[in-house]
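The next block holds one structure in the form of structure tokens; read it before the comments.
The values are calculated or read from the model by the stated rules, or taken from the named source; none is laboratory data. On a predicted model such as this, the values are computed, not experimentally measured, just so you know. Because the Cβ atoms are built from the backbone with ideal geometry, glycine has one as well, and the counts that use them run over all protein chains shown. SASA here: full protein model, heavy atoms, side chains in, ligands and nucleic acids out. Shrake-Rupley method; radii C 1.70, N 1.55, O 1.52, S 1.80 Å.
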Amino acid sequence: SMTTRVFLGLQIQCTQCHDHPSNDWKQSHFWGINAFFKGVNSRRVRVERNGALVDSHMEVYDERTDAFSSYDRRNGMVGVQFPSYLDGRKVPEGTEIDRRLELAKLITDPDNKDFARAFVNRMWAHFLGKGFVNPVDDFGDHNTPSIPELLDQMADDFRAGGFNIKNLVRWIT
């Protein structure tokens, strides 16, 4: 749920337990995103930075862990969901696939308007005190943007410019 809130401005956390009553989000959407993070462990490693050894974290995949999420449905059945994006796109199966890298590619895909809108909205809120939607992580039919044309134009330009943050800051300031 934090991934979709931060990077897409979408709150799907209620679908962890049930299909959403007033929009199209289903439990399978939540658990499809959750499955991207299955089998990932982190361990502390010592790395050299600027001539000194420091503690850091390194994430590794545990090949013994299944790459799917299982969840309890409201009807008493158990659901199984493999990694899938909110629009239904799936990633190839196998232990050689970096599922989080694949999720990052899906989120930042130039055809994905949600990432650009969420980023523009957060930057707008950062500089001007309030986003186009408020709270900044809650886009949806229930929370329409204050100036939708400007948000969409800035998001389109941000995407077209390769997600250039410096340009976005210039436009806002």
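Please state the charge dipole magnitude for segment 97-149, taken about the Cα centre, from unit charges on C-beta atoms (+1 on K and R, -1 on D and E), reported in debye and rounded to the nearest 20.
Roughly 200 debye for segment 97-149.
Check residue 73: other-chain or 5+ apart residues with amide H under 5 Å from its amide H, H built from backbone geometry?
78, 79
Could you calculate, for the chain, the ratio of the Cα radius of gyration to the Kirkwood radius, expressed as Rg to Rh?
Here the Rg-to-Rh quotient is 1.03.
Just grab the label-to-label distance for residue 97 and residue 48, each label 7 Å out from Cα along the Cβ direction, in nm (one decimal).
Roughly 3.7 nm, to one decimal.
With label points built 7 Å along Cα→Cβ from the Cα atoms of residue 130 and residue 70, find their separation and express it in nm.
Rounded to a tenth, the inter-label distance reads 4.8 nm.
Restrict the search to segment 71-125; then list the GluC sites (Glu not before Pro) that DSSP places in a loop and that have at most 13 other Cβ atoms within 10 Å of their Cβ.
Taking segment 71-125 and a limit of 13 other Cβ atoms within 10 Å, the loop GluC sites (Glu not before Pro) found are 93, 96.
Taking a ≥ b ≥ c as the square roots of the Cα gyration tensor eigenvalues, with a/c under 1.5 meaning rounded and otherwise prolate when a/b beats b/c, else oblate, which class fits segment 112-173?
In terms of gyration-tensor shape, oblate.
Taking the solvent-accessible surface of protein heavy atoms with a 1.4 Å probe, what is the per residue accessible area of the chain in Å²?
61
Please list, in order along segment 101-116, the HN-Hα scalar couplings obtained from phi with the Karplus expression 6.51 cos²θ - 1.76 cosθ + 1.60 (θ = phi - 60°), rounded to whole Hz, x for Gly and Pro.
5, 5, 5, 4, 5, 5, 5, 9, 4, x, 7, 8, 6, 4, 4, 5
About its Cα centre, how strong a charge dipole does the chain have in debye, to the nearest 20, once Lys and Arg get +1 and Asp and Glu get -1 at the Cβ?
460
Hey, what do the phi angles of segment 127-135 turn into as Karplus ³J(HN,Hα) couplings, whole Hz, using 6.51/-1.76/1.60 and θ = phi - 60°, x for Gly and Pro?
7, 10, x, 8, x, 4, 10, 9, x
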